[in-house]
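Taking it in order: structure first as structure tokens, then the write-up.
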């Protein structure tokens with residue numbers, strides 16, 4: 001049995017049942033319990049490495065109120081030895097392919113999010129897809145916490161919003177438009193009208209993963225607690241992924257990458273990490 005076949009055989013043991021896949025397709029987000037229990041030390045070491053060796057994409061939000069920072073960085077996995085180990089040897093790719101019903105799982109990037117204790121930054125409601133240079137119906141993000149996150153401080157989603165067929169205007173977290181002259185519709189004010197939406201969210205422990213489609217509306221509260229909230233979000237796509245030209249620099253940015261609008265998504269920066 002090959003290493004990838006072994007990973008695939010483990011999927012059922014990790015809780016990826018047909019019912020879970022169906023719920024992922026209809027709701028757009030589900031929680032997988034304990035799927036990365038064996039990878040906590042590697043991921044924690046990877047976050048430490050990234051914070052000591054930030055990339056040029058690093059972006060740390062420092063609130064105007066002077067409270068603790070919100071560290072972010074992207075696309076470090078291929079230089080970060082701990083993250084490279086995770087991508088290569090964990091069941092991440094097999095789980096992604098199973099959730100997407102895809103023959104392959106291709107790595108897009110990872111996003112490190114560390115909200116220090118007392119950080120007052122609220123992650124506003126948004127979709128990830130409009131920020132990206134890739135479009136895919138078969139897409140999945142793994143939101144993997146390294147610290148316990150109670151329900152009141154966890155990431156939240158509007159159930160089924162990936163099926164609305166709407167790409168909302170992407171803005172920077174300071175509220176400014178990402179793309180100039182963007183006349184697409186703004187994100188609904190979910191925070192002020194929570195009773196009008198079916199909002200999903202789960203208390204999670206280290207080893208769990210919340211998985212969601214790139215088209216999902218989601219947001220996260222501030223970390224008004226004495227505990228760090230370390231998360232790595234892993235983004236992967238499936239067989240149907242294509243490049244898309246946006247009207248400005250995407251996030252994360254790939255300024256030196258040359259590609260054609262509508263071309264199959266691929267290249268050495270975005271390797272296939274699982275194939276059946």
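Which of the numbered conditions does residue 171 fail, given that it passes all the others? Conditions: (1) in contact with a strand residue (DSSP E or B) (Cβ under 8 Å, 6 or more places away or on another chain); (2) at pLDDT 95 or above; (3) under 24 Å from residue 191 (Cβ atoms). Status for residue 171: all satisfied but (2). Applying the set (1) in contact (Cβ under 8 Å) with a residue 24 or more places away in the chain; (2) surrounded by fewer than 22 Cβ atoms within 10 Å (Cβ to Cβ) to residue 213 leaves exactly one unmet item: (2). If the condition is being surrounded by fewer than 16 Cβ atoms within 10 Å (Cβ to Cβ) and not in a loop (DSSP other than H, G, I, E, B), then the stretch 227-268 contributes only 264. When residue 223 is tested against (1) surrounded by fewer than 22 Cβ atoms within 10 Å (Cβ to Cβ); (2) at pLDDT below 95, just one condition goes unmet, and that condition is (1). Among the residues making up the stretch 180-199, those that are touching a residue at least 24 places away in the same chain (Cβ under 8 Å) and not in a loop (DSSP other than H, G, I, E, B) are 191, 199. Return yes when residue 96 is assigned to a strand (DSSP E or B), in contact with a strand residue (DSSP E or B) (Cβ under 7 Å, 6 or more places away or on another chain) and closer than 26 Å to residue 250 by Cβ and no when it is not. Answer is no for this residue.
Quick one: how many residues across the stretch 99-131 are surrounded by fewer than 24 Cβ atoms within 10 Å (Cβ to Cβ), at pLDDT 95 or above and in a loop (DSSP other than H, G, I, E, B)? So the answer is 4. Whenever a residue of the stretch 118-143 is touching a residue at least 24 places away in the same chain (Cβ under 8 Å) and on the phi > 0 side of the Ramachandran plot, its partners that are crowded, with 23+ Cβ neighbours inside 10 Å and part of a strand (DSSP E or B), lying with C-beta atoms within less than 9 angstrom and at least six residues away or across chains, give the pairs 118/223.
I need the full set of residues from the stretch 18-55 which are touching a strand residue (DSSP E or B) at 6+ places or on another chain (Cβ under 8 Å), closer than 14 Å to residue 159 by Cα, touching a residue at least 40 places away in the same chain (Cβ under 8 Å) and part of a helix (DSSP H, G or I), in order please. Answer for the stretch 18-55, where residues must be touching a strand residue (DSSP E or B) at 6+ places or on another chain (Cβ under 8 Å), closer than 14 Å to residue 159 by Cα, touching a residue at least 40 places away in the same chain (Cβ under 8 Å) and part of a helix (DSSP H, G or I): 24, 27.
The values are calculated or read from the model by the stated rules, or taken from the named source; none is laboratory data. What you see is a predicted model, and the numbers here were worked out from it, not measured in a lab. Cβ atoms come from the backbone with ideal geometry, glycine included; neighbour counts cover every protein chain shown.
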